[in-house]
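The values are calculated or read from the model by the stated rules, or taken from the named source; none is laboratory data. Because the structure is a prediction, the values reported are computed rather than measured. Glycine also receives a Cβ, built like all others from the backbone with ideal geometry; neighbour counts cover every protein chain displayed.
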Amino acid sequence: MNLNQNEINTYSIRSFALASIICGILALMTFFTGFFSLITGGLGIMFAVLSRREDRPFPSLSWWGVVFSCIGIFMGALVLIYAIMTILIPLMTDPNYYQEMNTMYQNLYGINLDDIFRAQ
């Protein structure tokens, strides 16, 4: 199958636009994980930019990919900020909370938090 340069460009534009919207949807669906939505959202924006050609308009799939990716990144960042504020900061500043979490980790996993932090 011989493709000319125009057909190859059209195929790559469609491929990047489709990858953009798929990554954007994944970012929306996995925002509660925090990190994964940031990664897939970033990839969605990157693929949208790669689908842009100077002689053609921005594909609509790419626009939706950027929108979904931005929403996923924003929501994932909110989840990470919430986790840091509700778990990590009290863990580092409140000795009673630290002892409570340490007891819970010992009961559930058989390891205490001091060993976890020392392993880092």
Inter-residue pairs, beta-carbon under 7 Å, first polar (S, T, N, Q) and in the stretch 88-105, second surrounded by 14 or more Cβ atoms within 10 Å (Cβ to Cβ), 6+ apart: ASN102/ASN112; ASN102/LEU113
From the options ILE89, ILE116, ILE81, residue that is at pLDDT 90 or above and assigned to a helix (DSSP H, G or I): ILE81
Options PHE36, PHE32, PHE74; residue that is without any contact (Cβ under 8 Å) to a residue 24 or more places away in the chain and surrounded by fewer than 21 Cβ atoms within 10 Å (Cβ to Cβ): PHE74
Residues located in the stretch 66-120, provided they are small (Gly, Ala, Ser) and under 30 Å from CYS23 (Cα atoms): SER69, GLY72, GLY76, ALA77, ALA83
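Residues are listed down the side, and each one gets a yes or a no for (1) under 21 Å from ILE84 (Cα atoms); (2) modelled with pLDDT under 95; (3) out of contact with any Ser or Thr (no Cβ under 9 Å at 6 or more places or on another chain):
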{"site": "PHE35", "(1), (2), (3)": "yes, yes, yes"}
{"site": "VAL49", "(1), (2), (3)": "no, yes, no"}
{"site": "ARG52", "(1), (2), (3)": "no, yes, no"}
{"site": "ASP55", "(1), (2), (3)": "no, yes, yes"}
{"site": "LEU61", "(1), (2), (3)": "no, yes, no"}
{"site": "PHE68", "(1), (2), (3)": "no, no, no"}
When residues of the stretch 52-78 are limited to those that are in a helix (DSSP H, G or I) and not hydrophobic (A, V, I, L, M, F, W, C), the one farthest from ILE13 (Cα to Cα): GLY76
Filter result for TYR98 (hydroxyl-bearing (Ser, Thr, Tyr) and either under 23 Å from SER12 (Cβ atoms) or surrounded by fewer than 12 Cβ atoms within 10 Å (Cβ to Cβ) (or both)): no
